[in-house]
Amino acid sequence: MAKLGVPELHFHDLRHTGNTFAAESGATLRDLMERMGHDSVRATLIYQHRSDGRQDQQSRPG
(Lines give C-alpha, C1' and ligand atoms only; values in the text may rest on other atoms or scores of the structure.)
Protein backbone atom coordinates (compact mmCIF):
# COMPACT_ATOMS: atom_id res chain seq x y z
CA MET A 1 0.00 0.00 0.00
CA ALA A 2 3.01 2.27 0.40
CA LYS A 3 3.26 2.42 -3.41
CA LEU A 4 -0.25 3.90 -3.43
CA GLY A 5 0.78 6.61 -0.98
CA VAL A 6 -1.04 5.16 2.03
CA PRO A 7 1.62 3.25 3.99
CA GLU A 8 -0.58 3.05 7.09
CA LEU A 9 -3.26 1.11 5.17
CA HIS A 10 -2.99 -2.67 5.09
CA PHE A 11 -4.68 -5.23 2.86
CA HIS A 12 -6.58 -6.58 5.88
CA ASP A 13 -8.08 -3.11 6.41
CA LEU A 14 -9.65 -3.30 2.92
CA ARG A 15 -10.94 -6.82 3.59
CA HIS A 16 -12.43 -5.70 6.90
CA THR A 17 -14.08 -2.64 5.37
CA GLY A 18 -15.58 -4.64 2.50
CA ASN A 19 -17.05 -7.22 4.82
CA THR A 20 -18.37 -4.61 7.23
CA PHE A 21 -20.15 -2.94 4.30
CA ALA A 22 -21.54 -6.34 3.27
CA ALA A 23 -22.91 -6.86 6.79
CA GLU A 24 -24.44 -3.37 6.77
CA SER A 25 -26.04 -4.15 3.41
CA GLY A 26 -27.84 -7.16 4.85
CA ALA A 27 -25.42 -10.05 4.33
CA THR A 28 -26.26 -12.93 6.64
CA LEU A 29 -23.80 -14.51 9.00
CA ARG A 30 -23.49 -17.46 6.60
CA ASP A 31 -22.87 -15.05 3.68
CA LEU A 32 -20.07 -13.34 5.58
CA MET A 33 -18.52 -16.65 6.64
CA GLU A 34 -18.40 -17.76 3.00
CA ARG A 35 -16.99 -14.43 1.80
CA MET A 36 -14.20 -14.55 4.36
CA GLY A 37 -13.54 -18.27 4.40
CA HIS A 38 -14.22 -18.45 8.12
CA ASP A 39 -15.04 -21.76 9.76
CA SER A 40 -15.67 -20.00 13.07
CA VAL A 41 -18.85 -18.07 13.76
CA ARG A 42 -16.97 -16.20 16.49
CA ALA A 43 -14.54 -14.61 14.02
CA THR A 44 -17.36 -13.57 11.70
CA LEU A 45 -19.48 -12.03 14.46
CA ILE A 46 -17.03 -9.11 14.66
CA TYR A 47 -18.44 -7.83 11.37
CA GLN A 48 -22.06 -8.57 12.29
CA HIS A 49 -21.78 -6.71 15.62
CA ARG A 50 -20.33 -3.63 13.97
CA SER A 51 -23.25 -3.68 11.58
CA ASP A 52 -25.81 -4.05 14.38
CA GLY A 53 -24.37 -1.09 16.28
CA ARG A 54 -24.43 1.13 13.21
CA GLN A 55 -28.01 0.16 12.48
CA ASP A 56 -29.02 1.12 16.03
CA GLN A 57 -27.40 4.53 15.61
CA GLN A 58 -29.14 5.14 12.30
CA SER A 59 -32.56 4.26 13.65
CA ARG A 60 -32.42 6.76 16.53
CA PRO A 61 -34.30 10.01 16.04
CA GLY A 62 -31.90 12.90 15.44
Selection count, the stretch 35-48, where residues are part of a helix (DSSP H, G or I), closer than 15 Å to Arg15 by Cβ and more than 13 Å from the chain's Cα centre (by Cα): 0
The lone exception for Asp56 - which of (1) exposed (fewer than 11 other Cβ atoms within 10 Å of the Cβ); (2) at pLDDT 85 or above; (3) of a type in the set (D, E, K, R) it fails: (2)
Residue match in the stretch 15-28 (condition: without any contact (Cβ under 8 Å) to a residue 40 or more places away in the chain, over 9 Å from the mean Cα position of the chain (by Cα) and outside any loop (DSSP other than H, G, I, E, B)): no
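The values are calculated or read from the model by the stated rules, or taken from the named source; none is laboratory data. Owing to the predicted nature of the structure, the values given are computational and were not obtained by experimental measurement. Cβ atoms come from the backbone with ideal geometry, glycine included; neighbour counts cover every protein chain shown.
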